[in-house]
1. Provide, for the chain, the number of lysine pairs with alpha carbons under 19 Å apart, each pair being eight or more places apart or on different chains.
2. Given a Förster distance of 30 Å, report the FRET efficiency between Phe293 and Leu74 from their Cβ-Cβ distance, rounded to the nearest 0.05.
3. Give the residue list of GluC sites (Glu not before Pro) in segment 112-165 that are DSSP loop and have at most 12 other beta-carbon atoms within 10 angstrom.
4. If amide hydrogens are placed 1.01 Å from N in the peptide plane, which non-local residues have theirs closer than 5 Å to the one on Glu268?
5. Per residue, how much accessible area does segment 202-260 have with a 1.4 Å probe, in Å²?
6. Non-local amide H neighbours of Tyr109 (under 5 Å, H modeled in plane, Pro and chain starts lacking H): which ones?
7. Write down the accessible area per residue of segment 125-193 in Å², having rolled a 1.4 Å probe over the full set of protein chains.
8. Net charge within 12 Å of Gln112 by Cβ-Cβ distance, Lys/Arg positive one each and Asp/Glu negative one each, not counting Gln112 itself?
Amino acid sequence: MSSKRSNSFRQAILQGNRRLCSKALLEEKGLNLSQRLIRHVAYETLPREIDRKWYYDSYTCCPPPWFMITVTLLEARMEVAFFLYNGVSLDQFVLQVTHPSYLKNTLVYHPQLREQAWRYLTYIFMHAGIEHLGLNVVLQLLVGVPLEMVHGATRIGLVYVAGVVAGSLAVSVADMTAPVVGSSGGVYALVSAHLANIVMNWSGMKCQFKMLRMAVALICMSLEFGRAVWLRFHPSAYPPCPHPSFVAHLGGVAVGITLGVVVLRNYEQRLQDQSLWWIFVAMYTVFVLFAVFWNVFAYTLLDLKLPPPP
């Protein structure tokens with residue numbers, strides 16, 4: 001039997017549960033620590049009791065949530081290594097993002113080097129500071145890991161990478177003279193998808209203090225976004241190199257409330273069977289193609305004055 005559940009099969013399971021056991025999963029007693037953790041994750045991410053019970057009964061932690069943990073460790077390792085390298089070689093541990101040595105890094109997206117396609121993705125491994133890295137790491141672990149435990153690495157990785165790519169492409173279209181650093185595009189895609197899923201299924205979400213949790217998440221995102229906007233327009237210490245753009249955040253949010261919502265709403269159902277999924281995939285593809293052509297032709301046609309190459 002396929003592991004994917006049809007609507008009729010789900011309804012049959014739901015009716016059977018109603019006959020056999022009226023007690024909600026939240027009322028189960030005598031659970032050990034791992035069982036309580038799985039139950040907590042179910043109530044944090046899934047709006048329907050039948051889905052929560054199904055997830056609780058079937059989750060085996062195999063494979064573990066490796067994608068978000070691996071990405072987070074790589075980001076932290078690359079940032080710390082770069083921080084220490086520049087501290088030793090330049091005797092300057094607090095290095096400005098606009099410093100020429102920072103922008104020479106082969107991972108940072110720079111408008112003068114936009115033909116190097118890997119930079120549209122690898123910029124996530126460099127950040128504008130320890131506070132920038134710290135907030136992204138916290139959000140990735142607190143939101144991304146539980147989502148991956150429920151929806152799997154493939155779905156969450158898809159949303160995260162789509163947010164990252166959309167973030168850098170959005171910068172190349174809307175803020176054409178600025179570099180990009182940080183994983184905020186992917187992080188905001190996951191967080192905005194999760195928050196949108198909670199709002200759309202408000203009555204079914206039984207997580208504790210959901211209003212407080214949403215408020216804290218929105219405050220953290222707003223503060224980080226506000227810091228990015230302020231930094232972008234703050235005078236550069238090394239003109240004419242500008243500070244990193246904040247538009248990548250908006251690209252991540254756009255992916256989260258489109259592709260992300262569809263992924264999180266259809267727990268363990270085939271995305272290929274969802275018409276809305278194909279609509280958002282088509283929209284994302286059109287945007288990517290538009291951004292590619294924009295990068296090829298618009299910079300020359302508009303005759304922009306770009307910052308010097310690092």
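The values are calculated or read from the model by the stated rules, or taken from the named source; none is laboratory data. Being a predicted model, the structure only gives us computed values, none of them experimental. Glycine gets a Cβ as well: all are built from the backbone with ideal geometry, and neighbour counts include every protein chain shown. Each accessible area value is taken on the protein alone, full model and side chains, heavy atoms only, with ligands, DNA and RNA left out. Shrake-Rupley method; radii C 1.70, N 1.55, O 1.52, S 1.80 Å.
1. On the way: Lys4/Lys53; Lys23/Lys53; Lys23/Lys206; Lys29/Lys53; Lys29/Lys206; Lys53/Lys206.
Number of lysine pairs found: 6.
2. Values: r = 31 Å, r/R0 = 1.04.
Computed FRET efficiency for Phe293 and Leu74: 0.45.
3. Those that pass, being in a loop and sparsely packed, are Glu115.
4. It is none; the list stays empty.
5. Working: 3150 Å² over 59 residues.
Here the per-residue accessible area is 53 Å².
6. Here Tyr123, Val180 satisfy the definition.
7. Numbers: 1550 Å² over 69 residues.
Computed with neighbouring chains in place, this is 22 Å² per residue.
8. Details: positive: Lys104, Arg114, Arg119, Lys305; negative: Glu115.
Result for the local shell: +3.
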